[in-house]
């Protein structure tokens, strides 16, 4: 790939509920990625941080927080916030600077320390903040939105709670051997179905936890990459698209959709449009994929993603799951890392962690969860307030 | 006159016996907006600032629904001080082409709802602040309780 950007190094700090400053996790992940790349920190010329909104000012300026913690080296710096999509935005900032010839080797880091329980808005009286208002006026938590989407699958496609539980069971087996996963325990569908309902029809074990964790990647130009490896893993495309008007899906954290009274909705809805843009830029399609990491905030949402990334037609995700196609050993394994089901969500790190996993998969360095012969992988998620996030990576 | 100490918590709906949500309708292209805070049209091909505040249809159909079995974090406060699970519905207004989220009226749960159930806007107390009941809109199934919703 003449216009490729190489993933030279990847690293993570294990996910958990460690209760330590997010900077510690970020530095650990950054050092792991630098070691993996064989690149010295002093040679990094651009640092991008994924912002966390839960850790004060240091989190708002995550890029410089990490640069300072690693020891000022004069690198250019940026911080990206796109909610769950922050990591993809950060990767895109580094990638485009490298593609423009302005940087040779960049470090992208995301880290978070999260509170227990529901993710909540910032405190204070914030009557002009839609995220605050959905809690204040409606008590609509993130799981409430996941419940709305899950109910649509049941109503429109005949999905069942047993299908949702089977997603968790699959992912729990995938993550058993992943040293960075927080939950490494087989969970049966029966256990999911026996857990308490949180947001009907979803139960506690259908919904991902919030976690502490960090992930980092070192990206480099082809020229630099060739000095370090003969078989670099290449980023083929990054999609950070926004919706097209009118967006008639009720997306987090909105209280209402756009109006379709005057303009018909676009043929492709927002979520499928995220992957479509990534496929187009990469010159690849869903048939080229060997592995995918999708954002399973809930079990039911993983099924939505199967359709949104084109693994099957709308309404066929349950069949794909039941046939074992998305399990390790199947036609197109999804979430071999164990996904959010095994990690829990560390918001600014998560999209970077997805790219770490695909990189390990394409290098054949994912013992216990390896997709044999994987050559092309995709990561996808969606951030609050209209942020697409999709990365296509090839060996 | 303590009985009159009831005000909307936010100016997004009308009060009284037949409350309605307020939206803004674009005078140029006809696009609706909710909440009624839009200052210009959201249609990228229009961008007009001739928006008129209008009452939205009082009735719509349930697009999807869920509930909150656990108490949401602040700023949500249970009106009675203690958490009582409540249902939430996303409701489609046909003419406006909007889907609008809201709690479902007290006394109704997910068993009273289906995708497609007809609901209408009511107001209920969100919180009591210094002796004043502040209200919020909710969606109430039009069919009476026990009328076959489950």
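The values are calculated or read from the model by the stated rules, or taken from the named source; none is laboratory data. Just so we're clear, the structure is a prediction, and the values are computed from it rather than from any experiment. Because the Cβ atoms are built from the backbone with ideal geometry, glycine has one as well, and the counts that use them run over all protein chains shown.
Quick notes on this structure:
- Residue within region A:116-134 that is more than 9 Å from every other protein chain (Cβ to nearest Cβ), in contact (Cβ under 8 Å) with a residue 12 or more places away in the chain, assigned to a helix (DSSP H, G or I) and under 22 Å from the mean Cα position of the chain (by Cα) present: yes
- Any hit, region A:160-173, residues being surrounded by fewer than 22 Cβ atoms within 10 Å (Cβ to Cβ), facing chain B (nearest Cβ under 8 Å), modelled with pLDDT of 95 or more and over 20 Å from the mean Cα position of the chain (by Cα): no
- Number of the exception - residue A:203 against (1) free of Cβ contacts under 8 Å to residues at least 24 places away in the same chain; (2) within 14 Å of chain B (Cβ to nearest Cβ): (1)
- Residue that is surrounded by fewer than 19 Cβ atoms within 10 Å (Cβ to Cβ) and out of contact with any helix residue (DSSP H, G or I) (no Cβ under 8 Å at 6 or more places or on another chain), where the choices are A:115, A:143: A:115
- Residue in region B:94-112 that is farthest from residue A:256 (Cα to Cα), counting only those that are buried (at least 22 other Cβ atoms within 10 Å of the Cβ) and within 9 Å of chain A (Cβ to nearest Cβ): B:110
The rows are residues; the columns are (1) more than 23 Å from residue A:343 (Cα to Cα); (2) surrounded by fewer than 24 Cβ atoms within 10 Å (Cβ to Cβ); (3) touching a helix residue (DSSP H, G or I) at 6+ places or on another chain (Cβ under 9 Å).
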| position | (1), (2), (3) |
| --- | --- |
| A:6 | yes, no, yes |
| A:22 | no, no, yes |
| A:27 | no, yes, yes |
| A:55 | no, yes, yes |
| A:71 | yes, yes, yes |
| A:78 | yes, yes, yes |
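- Counting only strands (runs of 3 or more DSSP E) that fall entirely inside region B:1-89 and contain at least 3 residues that are facing another protein chain (nearest Cβ under 10 Å) and within 27 Å of residue B:133 (Cα to Cα), the qualifying elements are B:59-68.
- Residues in region A:191-241 that are outside any strand (DSSP E or B), farther than 24 Å from residue A:357 by Cα and in contact with a helix residue (DSSP H, G or I) (Cβ under 8 Å, 6 or more places away or on another chain): A:191, A:192, A:193, A:195, A:196, A:200, A:201.
- Applying the condition of being in contact with a strand residue (DSSP E or B) (Cβ under 6 Å, 6 or more places away or on another chain) and within 14 Å of chain B (Cβ to nearest Cβ) to region A:249-281 and asking which residue is nearest to residue A:321 (Cα to Cα) yields A:250.
- Tabulated pairs, region B:99-120, first over 25 Å from residue A:130 (Cβ atoms), second at pLDDT below 95 and part of a loop (DSSP other than H, G, I, E, B), C-beta under 6 angstrom, 6+ apart or interchain: B:111/B:150; B:112/B:149
- Scanning region A:68-86 for residues that are closer than 14 Å to residue A:23 by Cβ and part of a strand (DSSP E or B) yields a single hit, A:79.
- All conditions but one from (1) in contact with a helix residue (DSSP H, G or I) (Cβ under 6 Å, 6 or more places away or on another chain); (2) farther than 26 Å from residue A:208 by Cα apply to residue A:31; the one that does not is (1).
- Only one of the listed residues (A:284, A:311) is touching a strand residue (DSSP E or B) at 6+ places or on another chain (Cβ under 9 Å), more than 14 Å from chain B (Cβ to nearest Cβ), in a loop (DSSP other than H, G, I, E, B) and more than 28 Å from residue A:209 (Cβ to Cβ). That residue is A:284.
- Test result for residue A:110, at the interface with chain B (Cβ under 7 Å from one of its Cβ atoms), touching a strand residue (DSSP E or B) at 6+ places or on another chain (Cβ under 9 Å) and buried (at least 18 other Cβ atoms within 10 Å of the Cβ): no
- Any hit, region A:144-154, residues being closer than 30 Å to residue A:30 by Cα and either at the interface with chain B (Cβ under 9 Å from one of its Cβ atoms) or not in a loop (DSSP other than H, G, I, E, B) (or both): no
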